[in-house]
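The values are calculated or read from the model by the stated rules, or taken from the named source; none is laboratory data. Everything quoted here is computed from the prediction, not taken from an experiment. Methodologically, a virtual Cβ is constructed for each residue, glycine included, from the backbone with ideal geometry; neighbour enumeration extends over all protein chains shown.
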Amino acid sequence: MSFSLLGLSAGIQCAITEQGYQEPTPIQRKVIAPILQGRDLLAAAQTGTGKTAAFTLPLLERLSTEANKPSASRAPRSIRALILTPTRELAAQVASSVAAYGKHLPLCTDAVFGGVNINPQIDRLRRGVDILVATPGRLLDHAGQGTLELSGIEILVLDEADRMLDMGFIPDLRRIMALLPAARQTLMFSATFSDPIRKLTNSLLEDPVQVEVAPRNATVEQIEQRAYRVSKIDKRPLLSYLIASGNWTQTLIFTRTKHGANRLAQQLSRDGITTAAIHGNKSQTARTRALADFKLGAVRVLVATDIAARGLDIAQLPFVVNFDLPEVAQDYVHRVGRTGRAGSAGIAVSLVSQEENKLLADIERVINRKLIIVTASGFQPGAQTVAVNVVRACPERRVAKVQGPRRNLKYNGRRSATDARARGSQRFAV
């Protein structure tokens with residue numbers, strides 16, 4: 001099937017072609033028609049399957065038709081479509097996608113989210129916005145200041161609805177719903193059909209079409225998932241070794257805490273691996289800059305907390321690493337879903353210490369599969385602790401050394417740490 005068969009206008013099809021897409025994904029094939037018909041929708045699909053385009057394309061089509069074009073009497077700050085997202089990064093990414101798909105249409109798109117100055121957002125809203133992408137908190141800030149009007153909303157989209165529930169946005173969502181007209185089309189997209197999501201659906205959607213593309217909590221088939229059993233103290237040395245020896249580029253690493261993200265980023269930088277950290281304590285400017293550098297390749301590794309598990313849309317991201325296993329097993333699906341997007345291959349690596357065995361079992365139960373367990377010589381639990389220092393991390397040749405408890409030893413990367421100590425100092429290239 002091609003996009004030309006889905007009832008989309010020439011302007012939208014032109015934008016799709018310019019974005020390099022040739023045929024719709026399964027979620028797009030299933031949801032575009034009912035959205036164009038004006039039906040409420042509850043859709044579940046694994047991350048990276050084209051959910052943003054699935055709701056954006058028919059939304060743009062509906063708003064751009066002659067019958068729905070804004071009238072001259074419409075208030076200049078009245079918004080016609082509202083897309084709510086749980087995180088700032090996702091809001092920015094969705095707004096960028098909407099603008100790209102609607103570039104040939106007479107519709108204005110903007111995004112509002114926290115962490116940045118509100119005044120420029122107010123100025124843009126005053127000039128008029130048709131489609132607004134927002135995080136709940138900043139949207140309520142604007143509503144409280146009277147800088148936007150929500151009574152003209154025709155279409156509401158809740159993107160990553162399950163994540164909004166996890167992050168405690170239910171009270172904010174109730175306040176927002178009270179500001180919206182009852183006569184509207186509501187679209188809810190979620191990675192899973194959990195019981196809380198179904199409960200929320202009953203209160204927000206009217207006779208919705210339900211679409212589920214992938215089984216609950218499934219991970220993308222193209223993702224190669226593997227786990228290394230390693231002592232907690234050896235996680236960072238092993239990670240440095242894997243990145244250097246495998247010449248990994250564009251590697252997204254998840255940690256459990258903000259402090260852990262900062263510490264790991266500093267350690268990897270000392271190992272000669274260009275690294276940036278992104279988490280909730282970083283300013284929005286710093287987060288935006290780090291993400292931009294990562295996408296451009298100026299930064300080789302991005303260390304993140306789960307704030308980045310949703311909303312990072314990086315084309316052909318090859319590697320995702322769980323430095324710490326998530327406390328909530330479902331978050332594993334969201335994390336590894338950053339790779340293997342749009343049909344591309346990807347590798348998801350988890351570093352599992354003995355203390356995380358139960359978390360690993362929970363993850364395997366949720367995804368209904370066993371992770372491939374692999375080992376790296378010298379890093380197995382119980383082996384003498386080693387610390388890898390990547391001295392030079394250029395793509396052509398990197399030199400590493402194993403630092404033992406009493407003296408520095410060069411290690412050839414092919415023998416165990418015990419062998420290296422027995423044989424003495426050796427240089428090696430990885």
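Results, tabulated for the structure shown:
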read-out	value
Every residue from the range 295-327 that is at pLDDT 85 or above and of a type in the set (A, V, I, L, M, F, W, C)	LEU296, ALA298, VAL299, VAL301, LEU302, VAL303, ALA304, PHE319, VAL320, VAL321, PHE323, LEU325
Matching helices (runs of 4 or more DSSP H) fully within the range 96-167 where at least 3 residues are buried (at least 22 other Cβ atoms within 10 Å of the Cβ) and touching a residue at least 12 places away in the same chain (Cβ under 8 Å)	161-166
Residues that are under 29 Å from PHE193 (Cβ atoms) and modelled with pLDDT under 95, drawn from the range 115-134	none
Hits in the range 263-292 (condition: part of a helix (DSSP H, G or I) and either among the basic types (Lys, Arg) or under 11 Å from ALA304 (Cα atoms) (or both))	ARG263, LEU264, ALA265, ARG270, ARG287, ARG289, ALA290, LEU291
GLU212 vs. criteria of a type outside the set (Gly, Ala, Ser), modelled with pLDDT under 90 and closer than 22 Å to PHE379 by Cα	no
In the range 168-215, the residues that are surrounded by 18 or more Cβ atoms within 10 Å (Cβ to Cβ), among the β-branched types (Val, Ile, Thr) and in contact with an Asp or Glu (Cβ under 8 Å, 6 or more places away or on another chain)	THR186, THR192, ILE197
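This table checks each residue for (1) out of contact with any Lys or Arg (no Cβ under 8 Å at 6 or more places or on another chain); (2) farther than 17 Å from LEU60 by Cα; (3) not hydrophobic (A, V, I, L, M, F, W, C).
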| position | (1), (2), (3) |
| --- | --- |
| THR87 | no, yes, yes |
| PHE113 | no, yes, no |
| ASP123 | yes, yes, yes |
| VAL129 | no, no, no |
| VAL133 | yes, no, no |
| HIS142 | yes, yes, yes |
| LEU148 | no, yes, no |
| ALA161 | yes, yes, no |
| LEU165 | yes, yes, no |
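Matching residues to (1) of a type in the set (Val, Ile, Thr); (2) buried (at least 18 other Cβ atoms within 10 Å of the Cβ); (3) assigned by TED's automatic domain parsing to the domain that holds LYS103:
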residue	(1), (2), (3)
ALA10	no, no, yes
CYS14	no, no, yes
THR17	yes, no, yes
PRO26	no, no, yes
ARG29	no, yes, yes
ALA33	no, no, yes
GLY38	no, no, yes
ALA43	no, yes, yes
